[in-house]
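Below: one structure, written as structure tokens.
The values are calculated or read from the model by the stated rules, or taken from the named source; none is laboratory data. Computed from a predicted structure; not experimentally measured. Backbone-built Cβ (ideal geometry, glycine too); neighbour counts: all protein chains shown. Note: areas computed on protein heavy atoms with side chains; ligands, DNA, RNA excluded. Shrake-Rupley method; radii C 1.70, N 1.55, O 1.52, S 1.80 Å.
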Amino acid sequence: IRTRWFDTFSNLNCFKGRNLSMVLKWWSLLYVTLALSGGFMDSRQHINCIRCNDVSAFEPSRFDRMKLRGGGGTQLPVPDQNGNVSHGGKLKGGSKIKDKRTDGLTISKNADFASWYSQLVVKSELIEYYDISGCYILRPWAYAIWEIIQSFVDSKIKAMGVKSCYFPMFVSKKALHAEQEHVEGFTPEVAWVTKSGNTNLAEEIAIRPTSETIMYPAFAKWIRSVYFNTLGVSPNTMPRSHRDLPLRVNQWCNVVRWEFKDPTPFLRTREFLWQEGHTAHATKAAAAAEAFQVQELYRTVYEDLLAVPVVPGTKTSTEKFAGAESSLTVEAFIPLTGRAVQGATSHQLGQKFGHIFGIEFEDQQGVRQVPWQNSWGLTTRTIGVMAMVHGDDRGLVLPPAIAPTQVVLVPIPGKNTSMSSLLPPLQDLAAALAREGLRVEVDHREHVTPGFKFNQWELRGVPLRLELGPRDLAAGRVVA
């Protein structure tokens with residue numbers, strides 16, 4: 001839901017006889033339906049009071065040259081502290097939005113996609129730029145979106161039997177180099193700690209680009225028989241048992257990959273947040289089944305939460321994860337660039353890491369076997385993909401399921417009506433909506449105008465804005 005989509009709705013009477021929470025849920029479904037049909041190339045032009053218009057005018061070819069992933073890409077302009085992008089004194093032809101206001105977006109998405117995105121992530125309060133290239137501050141609005149994604153994914157993987165854990169962010173050089181194909185794939189991106197104060201370290205320590213080589217030495221110790229553990233047998237002498245499998249853990253953490261290509265907020269950053277699941281299974285079939293199950297989970301994250309259609313598939317041999325037998329992926333499409341973006345991946349590692357780190361178990365016949373392993377991850381890239389697909393010239397467009405604030409209530413005082421007289425009914429309405437499970441906020445700031453509030457909440461992509469003025473208060477209604 002977006003306030004601008006209700007141009008012909010004067011107030012909530014259009015929902016007469018309908019539960020507002022059900023209306024929001026219905027709109028969530030419409031988000032996915034329109035996204036799958038391509039209707040989210042520009043939500044403002046494609047949705048007009050629930051009427052979808054022709055999408056043929058949107059041609060991605062103009063932006064085919066823009067490479068937001070891969071080498072040789074377009075350097076995204078860096079906005080100043082106010083979110084304004086410099087174009088060397090003038091904007092590209094037709095890229096400036098004809099509006100004297102500068103607190104909103106001043107660059108058109110259709111005319112200059114890269115500059116629009118750079119301005120969007122700052123002015124919608126998703127990020128703040130940092131003094132180290134490729135590193136960004138996630139502001140509370142962005143982190144709240146990430147927490148919703150976290151909560152959704154965490155509940156799903158725990159239902160699968162995956163346990164939470166946390167491993168150190170440092171990995172020894174010996175462990176990192178244990179698997180040659182793996183380390184060769186990450187060598188250009190690895191950041192190293194070489195000094196402590198003024199003292200050189202005896203051995204360089206890598207900051208994790210991923211955690212396979214950090215976790216799997218522990219896997220070799222953990223896959224032991226619970227029965228022998230109860231007898232007080234030393235863990236190092238325990239026989240490994242199939243009863244310890246599957247072993248499934250997940251951690252939410254940060255990783256560092258020192259990208260030297262053009263950094264892009266959320267899409268290509270030197271540090272990012274993610275979840276990484278690591279599992280070991282007794283059979284190849286069990287590992288494969290889980291890999292596809294996780295791929296399906298990632299599809300639901302994009303389509304059910306973010307309303308972004310994705311295409312599930314398998315990476316080519318040249319694109320698969322370093323050291324994996326195969327990599328499953330969900331790929332999103334950015335209409336205005338004509339390019340795909342990797343959304344999330346689920347890797348089938350086979351038995352390679354098990355052989356390297358000595359991970360073994362005894363099967364039911366007492367024969368020693370090497371388990372089949374998977375690793376899978378989803379990152380904060382999700383936020384950037386969502387912003388690129390749904391955002392427009394007025395700011396973010398957040399699907400209700402992912403919006404930290406789904407409904408904002410804005411009082412509009414009059415000459416004879418004070419803010420204090422409007423707040424009680426709005427607070428009562430907010431409480432009623434919250435009881436229905438909606439995330440609601442009352443904007444009671446008095447030092448800014450209602451117009452400023454409208455612009456700010458629209459920039460941040462809040463799905464529904466309800467306004468209450470003196471006439472509305474007298475009529476017992478609110479305006480949507």
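With the checklist (1) over 26 Å from the mean Cα position of the chain (by Cα); (2) more than 27 Å from residue 116 (Cβ to Cβ); (3) buried (at least 19 other Cβ atoms within 10 Å of the Cβ) in hand, flag the one item residue 410 doesn't pass.
(2)
Every residue, every condition in (1) more than 20 Å from residue 452 (Cβ to Cβ); (2) at pLDDT 95 or above; (3) out of contact with any Ser or Thr (no Cβ under 8 Å at 6 or more places or on another chain); (4) not aliphatic (A, V, I, L, M), yes or no:
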residue	(1), (2), (3), (4)
89	yes, no, yes, yes
97	no, no, no, no
115	yes, yes, no, yes
123	no, yes, yes, yes
133	yes, no, yes, yes
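Of 437, 384, 391, which residue is closer than 30 Å to residue 344 by Cβ and open to solvent by 50 Å² or more (accessible area, probe 1.4 Å)?
Working: 384 fails: open to solvent by 50 Å² or more (accessible area, probe 1.4 Å); 391 fails: open to solvent by 50 Å² or more (accessible area, probe 1.4 Å).
Matching residue, one of 437, 384, 391: 437.
Filter the range 286-325 down to the residues that are outside any helix (DSSP H, G or I), in contact (Cβ under 8 Å) with a residue 12 or more places away in the chain, of a type in the set (Gly, Ala, Ser) and over 20 Å from residue 209 (Cβ atoms) and list them by number. So that I can check it myself, show each step before the final result.
Restricting attention to the range 286-325, the residues satisfying the condition of being outside any helix (DSSP H, G or I) are 306-325.
Retained after the next criterion (residues that are in contact (Cβ under 8 Å) with a residue 12 or more places away in the chain): 306-315, 320-325.
From what's left, of a type in the set (Gly, Ala, Ser): 307, 313, 322-324.
Across the range 286-325, the qualifying residues are 307, 313.
Just checking, how many residues over the range 407-457 are touching a helix residue (DSSP H, G or I) at 6+ places or on another chain (Cβ under 9 Å), more than 20 Å from residue 148 (Cβ to Cβ) and not hydrophobic (A, V, I, L, M, F, W, C)?
Residues flagged as touching a helix residue (DSSP H, G or I) at 6+ places or on another chain (Cβ under 9 Å), more than 20 Å from residue 148 (Cβ to Cβ) and not hydrophobic (A, V, I, L, M, F, W, C) within the range 407-457 amount to 12.
Do you know which residues across the range 98-138 are open to solvent by 50 Å² or more (accessible area, probe 1.4 Å) and under 14 Å from the mean Cα position of the chain (by Cα)?
Correct list: 138 only.
Conditions: (1) within 30 Å of residue 357 (Cβ to Cβ); (2) touching a residue at least 12 places away in the same chain (Cβ under 8 Å). Residue 114 meets all but one. Number of the miss?
(1)
So if I check each of 464, 398, which one is closer than 23 Å to residue 137 by Cβ and either open to solvent by less than 20 Å² (accessible area, probe 1.4 Å) or touching a Leu at 6+ places or on another chain (Cβ under 6 Å) (or both)? Give the derivation first.
Values: 464 fails: closer than 23 Å to residue 137 by Cβ.
Exactly one of 464, 398 is closer than 23 Å to residue 137 by Cβ and either open to solvent by less than 20 Å² (accessible area, probe 1.4 Å) or touching a Leu at 6+ places or on another chain (Cβ under 6 Å) (or both), namely 398.
If residue 336 satisfies every condition in (1) at pLDDT below 95; (2) hydrophobic (A, V, I, L, M, F, W, C); (3) assigned to a loop (DSSP other than H, G, I, E, B); (4) within 25 Å of residue 148 (Cβ to Cβ) but one, which is the exception?
Failing condition for residue 336: (4).
Tell me whether the range 310-331 contains one or more residues that are open to solvent by 30 Å² or more (accessible area, probe 1.4 Å), closer than 21 Å to residue 460 by Cβ and touching a strand residue (DSSP E or B) at 6+ places or on another chain (Cβ under 9 Å).
No: zero hits.
Filter the range 278-290 down to residues that are in contact with a Lys or Arg (Cβ under 8 Å, 6 or more places away or on another chain) and surrounded by fewer than 21 Cβ atoms within 10 Å (Cβ to Cβ), then give me how many there are.
The total comes to 0.
Tell me, please, whether a residue that is in contact (Cβ under 8 Å) with a residue 12 or more places away in the chain, in contact with a Leu (Cβ under 6 Å, 6 or more places away or on another chain), under 21 Å from residue 125 (Cβ atoms) and of a type in the set (A, V, I, L, M, F, W, C) can be found in the range 403-419.
yes
When the residues of the range 159-210 are filtered to those that are of a type in the set (Gly, Ala, Ser) and in contact with a strand residue (DSSP E or B) (Cβ under 8 Å, 6 or more places away or on another chain), which remaining residue is modelled with the lowest pLDDT? Before you say what the answer is, go through the steps one by one.
Here is the first cut: in the range 159-210, the residues of a type in the set (Gly, Ala, Ser) are 159, 161, 164, 172, 175, 178, 185, 191, 196-197, 202, 206.
Now drop any that are not in contact with a strand residue (DSSP E or B) (Cβ under 8 Å, 6 or more places away or on another chain), which leaves 161, 164, 172, 191, 206.
Numbers: 161: 95, 164: 97, 172: 86, 191: 89, 206: 90.
Looking at the filtered set, the residue picked out is 172.
Give the residues of the range 413-455 that are more than 29 Å from the chain's Cα centre (by Cα), in a helix (DSSP H, G or I) and closer than 24 Å to residue 104 by Cα, sorted by residue number.
Answer for the range 413-455, where residues must be more than 29 Å from the chain's Cα centre (by Cα), in a helix (DSSP H, G or I) and closer than 24 Å to residue 104 by Cα: 450, 451.
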